[in-house]
Amino acid sequence: MSNVLPPFVIFILGALVIPFLRQRVRSAFVVALPVVGFINLLLIPADTLMTVNFLDYQLTLVRIDRLSLAFGYIFHIATFVTAIYILHVRKSFEYVAGFIYAGAALGAVFAGDLFTFFVFWETLNVGSVMLIWARCSKRSTAAGFRYFMIHIVGGLSLLAGIVLMVGETGSLAFGHIGLTGLSSWLIFFGFGVNCAWPFLHTWLTDAYPEATIGGTVFLSAFTTKTAVYALARAYPGTELLIWIGVVMAAFPIFFAVIENDLRRVLAYSLVNQVGFMVVGIGIGTELAINGAVAHAFNDILFKGLLFMSMGAVMFRTGKINATDLGGLYKSMPWTAGFCIVGAASISAFPLFSGFVSKSMVMSAAGDGQMVAVWLVLLFASAGVFHHAGIKIPFFAFFGHDAGHRVEEAPKHMLIAMGITAFLCVFNGTFYKPLYSILPYPVLYEPYTLAHVVTQTELLFYSALAFTLLLLSGIYPAEMRAINLDFDWFYRKPLNGLINGVAVFFNGLNRLADRLLVKEFTAAVNRFAANAMAIVVWTLIGPFVRDRSHTLQGQFPLKTRVELALASGTAPVGLFAACAGLLIVVLFVYIVF
Amino acid sequence: MEKEKKHLFDKPENVKRLLIIFFSLVGLLFVLDFFVDTHGHFPFETWPVFYAIFGFVACVILVLVSRYVLRPLVKRREDYYE
């Protein structure tokens with residue numbers, strides 16, 4: 001016990017060391033860090049709890065069980081390949097943010113109590129927003145702020161739920177919660193924000209395509225998958241999740257078909273894939289939970305691979321819109337090949353990773369005789385092939401030749417993509433190791449003749465539809481345009497409301513400033529400064545014989561009185577007279 | 001030198017070849033479906049070429065709805081938010 005560390009410690013402490021290293025040392029360090037972390041994780045015995053006392057509570061900093069372990073493994077792998085992928089980055093900032101982000105994700109999945117979980121959940125937001133801001137463009141800054149605001153809302157909901165729950169039960173334990181009362185709904189909603197539920201999903205499709213090239217690869221791995229983990233931990237078998245997941249799986253594919261920014265297409269397909277996992281958690285059987293976890297594991301790999309290939313395209317050409325790309329297989333054949341492996345994996349072709357995990361969720365829906373759910377998922381399976389499986393590789397690497405003659409992606413990117421592509425094929429072909437780390441024993445067999453044939457049929461006829469629609473010219477041409485999504489509501493009307501409120505209150509503020517601060521105060525000031533002179537002149541004025549009389553080289557008497565009182569140099573008698581007058585006034589006031 | 005180099009799909013006959021291979025596979029799968037027991041969880045899964053028809057129809061609907069319903073509703077100029 002004493003020779004192992006909590007998994008997050010290695011990443012977060014490591015992140016703090018990164019800025020002090022020279023570039024070459026740093027490159028070795030960031031690649032070695034996930035390896036060290038992984039070995040450390042393997043050395044921790046299963047069912048370990050690491051606890052620490054904090055105030056009146058005992059916090060469980062680390063809980064190792066089968067559910068958290070599966071996520072722990074893949075988070076290390078994802079960090080490892082992403083660290084290799086971003087080795088071209090010169091500034092330390094992105095490495096630090098990436099490792100804090102990944103460390104927070106590890107902390108969250110291994111957290112055994114709600115307080116620890118909440119702390120890491122919020123750290124996750126900070127780390128991720130840094131990866132968006134690291135792009136340093138006007139758009140990324142704005143998108144980062146919107147991203148942060150939405151996650152703050154989700155985080156506050158989670159915090160409110162946790163506080164209520166601890167108040168009700170007196171326990172901080174993070175286990176099965178289920179939808180019971182207000183507190184559980186607040187926590188549920190907090191998880192939902194990070195899980196990119198419909199209407200709440202726009203932080204993802206808005207911000208992920210605005211992050212740095214490597215940042216998006218990091219982002220695609222952790223936030224949503226941590227939320228999937230949290231839902232699997234706390235809300236398995238919640239029927240509402242089935243319907244939420246079904247909507248998530250279905251609607252983004254329509255947006256993905258007409259989207260021009262290829263990284264945004266992938267962001268929509270990320271929501272679509274998380275939909276499958278959410279359905280699995282909602283069904284809640286052992287097969288379904290296994291399917292959700294296995295699919296999360298595979299999705300991190302193939303979605304990371306797709307984001308990496310698009311990042312490499314962006315790195316070399318500086319373009320990411322489908323309208324600006326095409327024909328890149330000529331100059332970037334390896335990247336094109338890796339992209340196709342990712343595309344085949346997300347589309348669940350036999351021998352590729354999606355095939356062995358997506359079908360578990362589908363099968364669980366079938367076992368429960370949920371016809372509607374099953375049909376929508378089948379539709380989503382065909383749809384994801386259409387936009388992520390065909391559209392991404394076709395518009396970037398084939399199709400119309402945009403004339404880019406660039407170099408192949410840098411070596412370190414090719415290595416990172418190669419490792420990930422290998423894992424995608426490995427998981428799809430030799431699926432037993434993956435199945436052996438799932439939370440429950442697996443009885444499911446993906447490679448039946450019926451499954452292979454039907455799935456291949458589904459995909460080939462989807463491809464046939466694409467081919468025929470493309471040849472006939474019906475397929476929607478890519479356009480230089482953006483598509484509105486639910487973020488319109490807070491980017492336009494809400495923004496309009498804020499501007500309206502700003503005009504009103506700023507106007508009120510200016511008016512108050514003018515009347516109260518400038519004019520009224522000035523008047524009081526003027527009066528206070530001259531009051532004594534006015535009183536004195538009122539009293540002595542009638543007794544001055546000749547008001548215009550002036551001695552040689554002196555001001556008129558009135559001016560002299562004002563000056564004398566303003567500078568405090570009036571004859572003592574005058575002050576005494578005034579003081580006496582004040583006493584008389586006070587005496588009269590008090591007596592009567 | 002780069003300009004003279006012909007790539008795989010620069011030659012129309014290669015594209016044609018690819019399409020022929022693809023269409024033959026599509027045809028092969030159609031035939032294969034009748035020889036494989038495709039029973040699953042629901043009775044309709046055993047209907048002849050159910051998956052083929054579903055995949056094709058699903059994608060046509062997806063494209064038509066995206067193009068003719070969704071795009072007119074949500075498409076805006078690139079600088080819409082700026």
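Kindly establish whether A:L186 is in a helix (DSSP H, G or I) and over 26 Å from A:Y85 (Cβ atoms). Quick ask: steps written out before the conclusion?
Values: in a helix (DSSP H, G or I): yes; over 26 Å from A:Y85 (Cβ atoms): yes.
Against the criterion (in a helix (DSSP H, G or I) and over 26 Å from A:Y85 (Cβ atoms)), A:L186 qualifies.
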Being out of contact with any strand residue (DSSP E or B) (no Cβ under 9 Å at 6 or more places or on another chain) and either assigned by TED's automatic domain parsing to the domain that holds A:M308 or polar (S, T, N, Q) (or both) is the requirement here; does A:N125 meet it? yes
In this structure, is A:A382 of a type in the set (A, V, I, L, M) and within 8 Å of another protein chain (Cβ to nearest Cβ)? yes
Take B:P72 and decide whether it is in a helix (DSSP H, G or I), at negative phi and surrounded by fewer than 14 Cβ atoms within 10 Å (Cβ to Cβ). yes
Restricted to region B:32-42 and to residues being at the interface with chain A (Cβ under 7 Å from one of its Cβ atoms) and among the hydrophobic types (A, V, I, L, M, F, W, C), the residue farthest from the chain's Cα centre (by Cα) is B:F42
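A quick yes/no check of all residues on (1) within 14 Å of chain B (Cβ to nearest Cβ); (2) β-branched (V, I, T); (3) more than 21 Å from A:L287 (Cα to Cα):
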{"residue": "A:M417", "(1), (2), (3)": "no, no, yes"}
{"residue": "A:S436", "(1), (2), (3)": "no, no, no"}
{"residue": "A:P441", "(1), (2), (3)": "no, no, no"}
{"residue": "A:P446", "(1), (2), (3)": "yes, no, no"}
{"residue": "A:V453", "(1), (2), (3)": "yes, yes, yes"}
{"residue": "A:L459", "(1), (2), (3)": "yes, no, yes"}
{"residue": "A:F466", "(1), (2), (3)": "yes, no, yes"}
May I ask you to verify whether A:T521 is over 36 Å from the mean Cα position of the chain (by Cα) and either within 25 Å of A:A364 (Cβ to Cβ) or outside any helix (DSSP H, G or I) (or both)? no
Listed by first then second residue, the pairs whose first member lies in region A:40-60 and is assigned by TED's automatic domain parsing to the domain that holds A:L438, whose partner is surrounded by fewer than 13 Cβ atoms within 10 Å (Cβ to Cβ), with beta carbons under 6 Å and at least 6 positions apart or on separate chains, are none
Scanning region A:313-335 residue by residue, those surrounded by fewer than 23 Cβ atoms within 10 Å (Cβ to Cβ) and over 25 Å from the mean Cα position of the chain (by Cα) turn out to be A:R316, A:T317, A:T323, A:D324, A:G326, A:G327, A:Y329, A:K330, A:S331, A:P333, A:W334
Can you say whether A:P493 is under 36 Å from the mean Cα position of the chain (by Cα), more than 30 Å from A:D324 (Cβ to Cβ), within 14 Å of chain B (Cβ to nearest Cβ) and not β-branched (V, I, T), as far as the supplied structure shows? yes
Looking only at residues that are among the hydrophobic types (A, V, I, L, M, F, W, C) and assigned to a loop (DSSP other than H, G, I, E, B) in region B:43-62, which one is nearest to the other protein chains (Cβ to nearest Cβ)? B:V49
Do the conditions hold for A:A421, that is, is it of a type outside the set (F, W, Y), assigned to a helix (DSSP H, G or I) and closer than 21 Å to A:A343 by Cβ? yes
Taking the criterion of being assigned to a loop (DSSP other than H, G, I, E, B), in the same structural domain as A:V257 (by TED's automatic domain parsing) and out of contact with any Ser or Thr (no Cβ under 6 Å at 6 or more places or on another chain), would at least one residue in region A:455-467 satisfy it? no
Identify, please: which residue in region B:1-14 is in a helix (DSSP H, G or I) and more than 10 Å from chain A (Cβ to nearest Cβ) and is, among those, nearest to A:E457 (Cα to Cα)? B:N14
Test A:I300 against the criterion of being in a helix (DSSP H, G or I) and in contact (Cβ under 8 Å) with a residue 60 or more places away in the chain, and give yes or no. yes
Selection count where residues are closer than 13 Å to A:I18 by Cβ and in a helix (DSSP H, G or I), scope region A:80-100: 9
Count, please, the residues in region A:44-62 that happen to be in a strand (DSSP E or B) and surrounded by 10 or more Cβ atoms within 10 Å (Cβ to Cβ). 11
Among the residues of region A:196-203, are any in a helix (DSSP H, G or I) and not charged (D, E, K, R)? yes
Among the hydroxyl-bearing types (S, T, Y) and either at pLDDT 95 or above or touching a Pro at 6+ places or on another chain (Cβ under 7 Å) (or both), is that true of A:S140? no
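The values are calculated or read from the model by the stated rules, or taken from the named source; none is laboratory data. Quick caveat, the model's predicted, so the values are computed rather than measured. A quick note on method: Cβ atoms are made from the backbone with ideal geometry, for glycine too, and the neighbour counts reach across all protein chains shown.
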